[in-house]
Amino acid sequence: MAGTKTLTIIKPDAVRYEHIGPILTMINSSGFHIAALKLIRLSRSEAEHFYVVHKNKPFFNSLIDFMTSGPVVIGILEKENAVADYRKLMGNTDPLKAEEGTIRKKFAANIERNAVHGSDSDENAEKECNFFFSCIERFSVFDK
Ligand code: ATP
Ligand code: MG
């Protein structure tokens, strides 16, 4: 059975352009419960750890510069089939390929500055949620 949570990051570009509210509205309107939320600035080592799978990609240094360039909103989103449904709501990594009605189509500038992150598997969702939030910061409607 698919998991019920995913981790999102509203990236520095979307925070800078005051898109936090509209993005959270799209998230809520699509049936997600916000189980945790905070505004923080990632350190270089936190961003490098988070995107470690991309460390050999040509865009890695630029991605880390971007992700540490300003505050980000980190959230845990809950709903049945959370990972796949949120990736659908985000749209393609490249906003030029993202469908109408997706967060990236609406708010992303380009393939790097693409407004939001969403976990890509239940296993990574679990790891990412545990990396950013302690148990007293989480208010799940599923885990009792
Ligand atoms: P995310 O992991 O942020 O949710 P994603 O799963 O859609 O995005 P990944 O392939 O995991 O995409 O890439 C991670 C991030 O690295 C992208 O969201 C984007 O910010 C950046 N990125 C990916 N591909 C490129 C590229 N070709 N050029 C520049 N930046 C890129
Ligand atoms: Mg990814």
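Tally Lys and Arg at +1 and Asp and Glu at -1 over the other residues with C-beta under 12 Å from the C-beta of Ser69: what net charge comes out?
Details: positive: Lys11, Arg16, Arg41, Arg44, Arg113; negative: Asp13, Asp65, Glu112.
For residues surrounding Ser69, the net value is +2.
Before rounding to the nearest 500, sum -39500 (n - 2.57) across all DSSP H runs of length at least 4 in the chain and divide by the residue total; then give [θ] at 222 nm in deg cm²/dmol. The partial results should precede the final answer.
Working: 7 runs with 55 residues, N = 144.
The per-residue figure over the chain is -10000 deg cm²/dmol.
Report the local net charge at Glu80: Lys and Arg +1, Asp and Glu -1, summed over other residues whose C-beta lies under 15 Å from its C-beta. Numbers along the way, then the final one.
Working: positive: Lys5, Lys79, Arg87, Lys88; negative: Glu78, Asp85, Asp122, Asp143.
Taking every Cβ under 15 Å from that of Glu80, the sum is 0.
May I ask you to evaluate 6.51 cos²θ - 1.76 cosθ + 1.60, the Karplus curve with θ = phi - 60°, for each residue of segment 105-119 and list the ³J(HN,Hα) values in order in whole Hz, giving x for glycine and proline?
Along segment 105-119, the couplings run 4, 7, 10, 7, 8, 7, 4, 8, 8, 10, 6, 9, 10, x, 4 Hz.
Put one equal scatterer on each alpha carbon of the chain, apply the Debye formula with no solvent term, and list log10 I(q)/I(0) at q = 0.14, 0.16, 0.21 1/Å to two decimals.
With no solvent term, the Cα-only Debye profile gives -0.61, -0.82, -1.48.
Based on the alpha-carbon gyration tensor of segment 1-78 and its eigenvalue square roots a ≥ b ≥ c, which shape applies: rounded if a/c is under 1.5, prolate if not and a/b is larger than b/c, or oblate? Don't jump to the answer; show the numbers that get you there.
Values: a/c = 2.30, a/b = 1.45, b/c = 1.58.
Oblate shape, in that a/c is at least 1.5 and b/c is the bigger or equal ratio.
With loop defined by DSSP as not H, G, I, E or B, and exposure as at most 14 other Cβ atoms within 10 Å, which is the longest segment of the chain clear of exposed GluC sites (Glu not before Pro)? Don't jump to the answer; show the numbers that get you there.
Numbers: sites that count: Glu18, Glu80, Glu99, Glu100.
My reading of the result: 19-79 is the longest stretch.
Since every read-out is calculated from the coordinates, none of them should be taken as a lab result. Quick caveat: nothing in here was measured; it's all calculated off a predicted structure. A quick note on method: Cβ atoms are made from the backbone with ideal geometry, for glycine too, and the neighbour counts reach across all protein chains shown.
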